[in-house]
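The values are calculated or read from the model by the stated rules, or taken from the named source; none is laboratory data. Quantities reported herein were computed from a predicted structural model and do not represent experimental measurements. Here the Cβ positions follow ideal geometry from the backbone for every residue, glycine too, while neighbour counts run over all protein chains shown. Keep in mind that these areas ignore ligands, DNA and RNA; they rest on the heavy atoms of the full protein, side chains included. Shrake-Rupley method; radii C 1.70, N 1.55, O 1.52, S 1.80 Å.
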2 protein chains.
Amino acid sequence: MQRAAALVRRGCCPRSPGPWGRSQSSAAAEASAVLKVRPERSRRERILTLESMNPQVKAVEYAVRGPIVLKAGEIELELQRGIKKPFTEVIRANIGDAQAMGQQPITFLRQVMALCTYPNLLDSPSFPEDAKKRARRILQACGGNSLGSYSASQGVNCIREDVAAYITRRDGGVPADPDNIYLTTGASDGISTILKILVSGGGKSRTGVMIPIPQYPLYSAVISELDAIQVNYYLDEDNCWALNVNELRRALQEAKDHCDPKVLCIINPGNPTGQVQSRKCIEDVIHFAWEEKLFLLADEVYQDNVYSPDCRFHSFKKVLYEMGPEYSSNVELASFHSTSKGYMGECGYRGGYMEVINLHPEIKGQLVKLLSVRLCPPVSGQAAMDIVVNPPVPGEESFEQFHREKESVLGNLAKKAKLTEDLFNQVPGIHCNPLQGAMYAFPRIFIPSKAVEAAQAHKMAPDMFYCMKLLEETGICVVPGSGFGQREGTYHFRMTILPPVEKLKTVLQKVKDFHIKFLEKYA
Amino acid sequence: MQRAAALVRRGCCPRSPGPWGRSQSSAAAEASAVLKVRPERSRRERILTLESMNPQVKAVEYAVRGPIVLKAGEIELELQRGIKKPFTEVIRANIGDAQAMGQQPITFLRQVMALCTYPNLLDSPSFPEDAKKRARRILQACGGNSLGSYSASQGVNCIREDVAAYITRRDGGVPADPDNIYLTTGASDGISTILKILVSGGGKSRTGVMIPIPQYPLYSAVISELDAIQVNYYLDEDNCWALNVNELRRALQEAKDHCDPKVLCIINPGNPTGQVQSRKCIEDVIHFAWEEKLFLLADEVYQDNVYSPDCRFHSFKKVLYEMGPEYSSNVELASFHSTSKGYMGECGYRGGYMEVINLHPEIKGQLVKLLSVRLCPPVSGQAAMDIVVNPPVPGEESFEQFHREKESVLGNLAKKAKLTEDLFNQVPGIHCNPLQGAMYAFPRIFIPSKAVEAAQAHKMAPDMFYCMKLLEETGICVVPGSGFGQREGTYHFRMTILPPVEKLKTVLQKVKDFHIKFLEKYA
């Protein structure tokens, strides 16, 4: 623990790029080495070192859990040890982890999970019948009627059927085939698996993967791991982070000089940017993918998180089908969902699914083979996914409570989205687009040139410098925009809107005060 | 479902190698294409095809869930549809999935899991106090006191502490550091993560990974995925599948011509071979790794599954420390454990851990970074791992029942190991080494040359042909030795010993009858 602390302390004035990437200052491991390696004559050179390791893994960056989070952990320990700070707790607004922020689990979901875990409870009168019904159905589809058996690599059959039924309902009747559903270990697993299959070629034929900037850094990390080529397209900050097809076209044309762009990734609702794509925009993107022969990846994990009254979630799958057979029988699409977001926030169970459209049957065989190597996604996460897609319906015993809990979470998020936008936009030097969906604000912050210089002196990206100062002075942990990508010369941070309303208000007030002081200090 | 069936039917007379690998006949996906693609003028060439996909993924093979398992699924459906067969059920002896075979979960483990899942139960008088104590401890270490929060990427702190305490007890006091423990999504995840970091270089400098033959095919699959070089060392069948260091030396010397062998993988107790390594052998291996500068991977997931009275499990970690500081401060080791095997058989939760020894501090930083990209292992699996390493102790309320359940599972496995060995060795043309540990028999089978020819005519490996016939005639599903690797010209299959005793007796009798008939038919 002390080591971790020391890492981060040193991390502020590094000598070499740390494991968290170029823009980062933390030479965590190096520091650790200094602390741990005792001078031993007999100690030989290690086999596995920074020099000998997989260079693609070395190139991976992942900001959401980067040095700022290590620093937050250090400060928490200092607080526990009684060290005085200008604040009494660290507020982890760096990651979309609802329950860690105090959101209560949906009762029905946990009841079904408990029943599946310990089936003796099926005899207990304290559990509602509809929960028991769900649990029995799940267990009957499990080997030995147990969550402790491996499932089929693609996931439990009846859960895949429930997912397909959910998609069909969601998309107003556009059919979904359980055979096209793959249960996954969170959405991240699905995204990296399908990218793993897609990447091929060498030199100028290496697969290019188009991703939005700002992006969720899973994408850049997996692209690094796979040694694929990252092709950036920029979202339009001046237009509420909208996706513009002309920008897609520009990015594609430029990329064709040095790679084979084959994949187009979309995050809708946007992470970290919170925009919700219009139906027209989705049509344009699909047409573009069709025209340019791009495999579409639609990251739709925030599909339940839409707050702006003039926005609606449209799935790529639905729009694809509505565009007619030329599109619906040709465009290759994988879309992703998760138990971690929405109103349930069940991150820890690592549940998710992927739906594939127009995947070549031979590739389906390859996909199942690849998934088989890891045996199966966690069956408890699969069960959690089942409850999300198969919730209580009107007339069922648990419906009312379920509905109330769900609407309470989503209603609060909508309130907090508006509150955050409004408060940020009252601060001079902060501009925040509307949070139409997802669970983050990604405000643009003005960083004075003197602060930029100070950051450079610390070998930090300016927004990392800003976020470190924010953390040190207020205890608020947010992620610098450089971890997601942003237009050169602009600075942002990502903050979740997950703290309870009153706490969020305090957080926003503190950010405001900090920002004004920061501007003064570096004026 | 019908499609899956058709795939496997066609799979027996393929035209091109199927997704399950060269030795395999199933052209599953091809068949599926034939069945599904309607003639549509507008259908364009797919972007993602067998030709365009990642060739390393295409090269992956994974026999344990391969075509024989697809075939088993087909037959089950036929039985359900009332189609007459010479048997009434399929017995899936292909995979170490204890609970699917009827093994009951350990009560205490599921009680703690249920309490963690639905903390309202902490007030219920029907749960024992020691289970509640465990659950409270786990929940207190989780964000928001919930299994639904992400954990730290390396795993929940107190669970890593419990793992370290377990290892220290297991190894008679050799200390374990929680900082060296990484919780994983089953052992497979840990193994592939550490290999991912280890692999580098191109051409003759590409990393070579030494694996036993026969091996558990996760290894070959991950090596394919990473485009590393597989270096085979053969276990000595004539000597109870013992590992011989001279054979390691031979394999290493030959490999040095075409790659950079950097990693040595050991499976102890052996899978599929069931041998338990002697302490002397482990010392020899460690000395060899030290001498040749190899990074050691010790797959010790069957550490609780030792049956022969003259065998004992010795961990690589313990032996390493007992060999003195020259070894204990130099040899780089990662060892793996899992909730899936042992006496608990909790496969579905995907729990596991990895302990690293002498990992370079810089690499630890890289490892945490890489793990962060997938956020965290399933927290429910982490909780399951905690209960495995922190079970009830004498004096606690649940101790007696826990102990009884555990000993019953392990006692039965020991009985079945002996029974299987004895019965197989009564069959002419079958030779089976003692099942000292793990949960499989890997008997050598004599396949007459006429049967070899028949297999060739079906473009099948001879043992795949044998196993397909066994499945079709008896309903028993086992995995051909070719899926694990074996010396040229020898044939084997892997069968689990997990069916309940009486059923296992029937299974063995059926295999015997089948084998005798097979020998007669192809005499």
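Charged side chains reduced to their Cβ positions (Lys and Arg at +1, Asp and Glu at -1) give the stretch A:175-239 a dipole of some 360 debye around its Cα centre.
Annotation note: GluC sites (Glu not before Pro) in the stretch A:415-523 located in DSSP loop regions with a Cβ neighbour count of at most 11 within 10 Å are A:GLU488.
For the peptide A:101-108, the mean number of other protein chain Cβ atoms found within 10 angstrom of a residue's Cβ is 3. Mean sequence separation of contacting Cα pairs (under 8 Å, at least six apart), scaled by the length of chain A, corresponds to a relative contact order of 19 percent.
Surface composition of the protein assembly as shown: carbon and sulfur make up 51 percent of the accessible area, probe 1.4 Å. Dipole size of the stretch A:150-389 about its Cα centre, with +1 on Lys/Arg Cβ and -1 on Asp/Glu Cβ: approximately 400 debye, rounded to the nearest 20. Under 16 Å of direct C-alpha separation, and excluding same-chain neighbours fewer than eight residues apart, B:LYS317 reaches these lysines: B:LYS280. Of the residues B:ASN271, B:GLN509, B:SER146, the one whose Cα sits farthest towards the positive end of the charge dipole of chain B is B:GLN509 (charges of +1 on Lys and Arg Cβ, -1 on Asp and Glu Cβ, taken about the Cα centre). Ranking A:PHE127, A:PHE295, A:GLY73 by Cα position along the charge dipole of chain A, where only Lys, Arg, Asp and Glu carry charges on their C-beta atoms, puts A:GLY73 farthest toward the positive end. Put simply, the amide H of B:TYR307, placed in the peptide plane, has neighbours under 5 Å in B:GLY437, leaving out anything fewer than 5 places away on its chain.
I need to check one value: relative contact order of the stretch A:290-417, counting alpha carbon pairs closer than 8 Å and at least 6 residues apart, in percent. The normalised contact order for the stretch A:290-417 reaches 24 percent. Inter-label distance, B:SER408 to B:GLN456: 5.3 nm, where each label sits 7 Å from its Cα along the C-beta direction. At an R0 of 30 angstrom, the distance between the Cβ atoms of B:LEU77 and A:ARG136 translates into a FRET efficiency of 0.85. When chains A and B come together, the accessible area they lose, probed at 1.4 Å and totalled over both chains, is close to 9400 Å². For the stretch A:179-185, 3J(HN,Hα) computed residue by residue from phi via the Karplus equation (6.51, -1.76, 1.60; θ = phi - 60°) reads 5, 8, 9, 10, 6, 9, 8 Hz, glycine and proline entered as x.
Each helix, a run of at least 4 DSSP H residues, gives -39500 (n - 2.57); summed and divided by the residues of chain A, these come to -13500 deg cm²/dmol at 222 nm.
Charge tally around A:ASN412: other residues with Cβ under 14 Å, Lys/Arg +1 each, Asp/Glu -1 each, net +3.
The mean accessible area for residues of the stretch A:150-389, using a 1.4 Å probe and ignoring ligands and nucleic acids, is 25 Å² per residue. Shape call for chain A from the C-alpha gyration tensor, a ≥ b ≥ c root eigenvalues: rounded (a/c under 1.5), prolate (a/b greater than b/c) or oblate? Verdict is rounded for chain A. Plainly put, the tip 7 Å out from Cα toward Cβ on B:PRO428 is 10.0 nm from that tip on each other copy, the closest given first. Of the trypsin sites (Lys or Arg not before Pro) found in the stretch A:312-405, those in coil by DSSP whose Cβ has at most 16 other Cβ atoms within 10 Å are A:ARG312. By definition, a body whose alpha carbon gyration tensor gives a ≥ b ≥ c is oblate when a/c is 1.5 or more and a/b is not larger than b/c, and the stretch B:335-443 fits this oblate description. With unit charges on the beta carbon (Lys/Arg positive, Asp/Glu negative), name the residue among A:LEU320, A:LEU370, A:VAL452 whose Cα is farthest towards the positive pole of the charge dipole of the protein assembly as shown. Going by the Cα projections, it comes out as A:VAL452. Cross-link check: pairs B:LYS416/B:LYS469; A:LYS71/A:LYS510; B:LYS416/B:LYS503; B:LYS196/B:LYS318; A:LYS71/A:LYS450; A:LYS204/A:LYS262 evaluated at a Cα-Cα cut-off of 21 Å; pairs beyond the cut-off: B:LYS416/B:LYS469; B:LYS196/B:LYS318; A:LYS71/A:LYS450. Just check the stretch A:105-149 against the gyration tensor rule for me: Cα atoms, a ≥ b ≥ c as the square roots of the eigenvalues, rounded for a/c under 1.5, and otherwise prolate or oblate depending on whether a/b exceeds b/c. Prolate. Counting only protein chain heavy atoms and rolling a 1.4 Å probe, the accessible areas of A:ASP513, B:ASP284 rank, largest first, as A:ASP513, B:ASP284.
Scoring A:174-182, A:422-430 by mean Cβ neighbours within 10 Å over their residues and listing the highest first yields A:174-182, A:422-430.
About the centre of its Cα atoms, chain A shows a dipole size close to 1980 debye [charges on the beta carbon of Lys, Arg (+1) and Asp, Glu (-1) only; nearest 20 debye]. Mind giving me the FRET efficiency for B:ASN244 and A:LYS418? R0 is 56 Å, r the Cβ-Cβ distance, nearest 0.05 is fine. It comes out at approximately 0.20. Projected label points at A:ASP513 and B:GLU397, each 7 Å from Cα along the beta carbon direction, are separated by 4.7 nanometres. Measuring between their Cα centroids, the stretch A:129-200 and the stretch B:143-190 lie 29 Å from each other.
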